[in-house]
1. Which GluC sites (Glu not before Pro) in the stretch 269-343 pass both tests, a DSSP loop state and at most 13 other beta-carbon atoms within 10 Å?
2. Given +1 on the Cβ of Lys and Arg, -1 on the Cβ of Asp and Glu, and no further charges, what dipole in debye does the stretch 166-205 carry about its Cα centre, rounded to the nearest 20?
3. Find how many whole Å separate the alpha carbon centroid of the stretch 88-157 from the alpha carbon centroid of the stretch 265-294.
4. Under a point spin-label approximation (7 Å from Cα along Cα-to-Cβ), what is the Lys84-Thr36 distance to one decimal in nm?
5. Could you give the size of the charge dipole of the stretch 146-294 about its Cα centre, using +1 on the Cβ of each K and R and -1 on the Cβ of each D and E, expressed in debye and rounded to the nearest 20?
6. Starting from the 7 Å offset along Cα-to-Cβ, what nm value, one decimal, do you get for the label separation of Glu530 and Glu163?
7. Over all pairs of distinct alpha carbons, what does the Kirkwood formula give as the hydrodynamic radius of the stretch 376-505, in Å?
8. Compare the Cα positions of Ile113, Leu81, Trp172 along the charge dipole of the stretch 76-201 (+1 at Cβ of Lys, Arg; -1 at Cβ of Asp, Glu; about the Cα centre) and return the one farthest towards the positive end.
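Just so you know, all these numbers are worked out from the coordinates, no wet-lab data involved. These figures come from a predicted structure and were not determined experimentally. Cβ placement follows ideal geometry from the backbone for every residue including glycine, while neighbour counts extend to all protein chains displayed.
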Amino acid sequence: MEEVDVEPAITNIPAVSNGKHLGFAWGPGDILVYETIYKPSGSCFVHEVRKDEDIYSPILRKLFNESHHIFVGLQTIKEDLPSKNKKNQFVSISKNYRSVIRACMEELQQVSILLAIELIWNLCEVLFIDAAPAGSLLLHLLDWVRLHKADVDEKAREVLQSESAAEHRDYWDVVVSYVLQGRLEEARQMLVKQATLQPAARNMYKLMDTLLSRMPFYNPGGTQTLTEFDVKWRNWHEEVDRCLQDNSFASNQHLELICKILVGDEDTLLEHKELLSTWYHFLVTRMLFCHPTVKPTELHYYAQSCMTMFLDMRSVPEPLDSILLAAFEYDIHQVIKDCSIALNNWWFVAHLTDLLDHCKLLQSHNLHFGSNLREFLLLEYASGLFTHHSLWQLAVDYFDHCPEFGRVYLELQIEHVPLETERKALKVLRICEERQMSEQVRSICKIMAMRSLRNNRLGSALSWSIRAKDAALATLISERFLHDYCTRGTFSDLDLIDNLGPAMLLSDRLTFLGKYREFHKLYGEKRFREAAKLLLSLMTAKIAPRSFWMTLLTDALPLLEQKEVSHNQYTQEEDIEQTKVELLRLALARNLAMAIVKEGTVES
């Protein structure tokens, strides 16, 4: 995309105005700004400047969650479907996005930003996704205006609920508004109420009713061609113009006003700006009564002229006006660029661009730094989600559907997810394991193992270290287990140690821990010969820590005193406490004597 050509929003930081020195640190979704104090004493303030504040709004979080499901569903549409079927699916998905926006608007009191988003999206749906042709185009634009000019219905309800609707102060405003929106049937029903109060003008009202009822509207599903419709509309338009020239409604200013609107008199339309309220409403009304068969390629000429006529020449168009004008000019990339600048989050441009890309409308627009426009915007949006404590899970799916840089972004962002609980750590771990992100898996497991170790939760620490396949960490934790055993005389987390299985081969110390625990089980089951053989193998394998040698020799004492010879030969020397040495020497001597006697008996 091109460089932003408008000034960015300014964030006021109190310390700046006081002339203080500031330092800063970038984060994944914000920047920390702090005062740098050079005096030995004093207090310091830290300011957090967030780039995407909207993700902290509860209502907008609902928008993000609901639209995520629609986004994932869109990615599953098969490429080999017929283009007509895919177009219907894309239009349906676009309407689903808009329904989510409107649902959030109903819950959010300040709806201005969502109203603008839905207005732009709806127009893009008509012009780009549905790509309505001449004839149908105007019908879609009428629906678009009616949907976003709902104050007419509120005013109509107020008029109809009054004691005398025809005498209500807003009666004629409602009638004219209906006509301006092409809702001629509602206008006729309202005029009936006025006709009953004026029997003398009954013929005049009947003539207006005839004109309104005869106005032709194009039917895309009918048998009538666009050319036939155009001929019929022109005949009707000439009839209305004759009535105006004949002064058929000269005695009634309201009916004459309606007749002028029907012939598309621009001055009359501009005199009622307060009822039209916007230049794009003026555009659609002008097309309805002057150019009902307008082609998509002609639309931008009328849009530009209507905006110029409607807006004050001295006023600068609002960002919304520029965006809508770009849409009427069928400049998709300008729409996306202007929305990226005007809107304060990436949700809209990311999802709209994704949908347009699936419609094959952005294929020619690649960015010079390697990624296409769709992926760039999705990456920006997902990166913002990752700064939120719960929305980060949604971002994973967005990264998954960015084939070029999605995995790289995910690997970088997932390392910043705070692992406050084991439950959250397991969620992050599952995401990494499903995507074969081995480095991140090891990193998460090591972090959780060290945290458990600091909290003296040795079983959890050992489990995490095994999952991380970290031999050094497993050795450290195994030594803590052995140290605790020497201190307390019992092992903790027996279920884990008893079921290590092949995992005990991760390190020599872990192997020793598992086998030593197995020795205790054999001894407890009075399987002394097997226990003695296992203990002897532990002594000769040289995998026991030096600090544990005395414990092993002490464990050998009861076995050496058994009537049945447990060891045929055994030698061991160590500088240890004299009492234990004497006991061991005595036990070894006895066991050796028994071995000599038994061997001599066998030889004889």
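1. Numbers: sites: Glu271, Glu274, Glu298, Glu329; in loops: Glu271, Glu329.
Filter output for the stretch 269-343: Glu271.
2. Values: 5 positive and 5 negative charges, 29 e Å.
Here the stretch 166-205 has a charge dipole of around 140 debye.
3. Comparing the Cα centres of the stretch 265-294 and the stretch 88-157, I get a distance of 19 Å.
4. 6.8 nm
5. Numbers: 17 positive and 23 negative charges, 66 e Å.
With only Lys, Arg, Asp and Glu charged at Cβ, the dipole is about 320 debye.
6. 10.2 nm
7. When all Cα pairs of the stretch 376-505 are included, the Kirkwood radius is 16.1 Å.
8. Ranked along the dipole, the leading option is Leu81.
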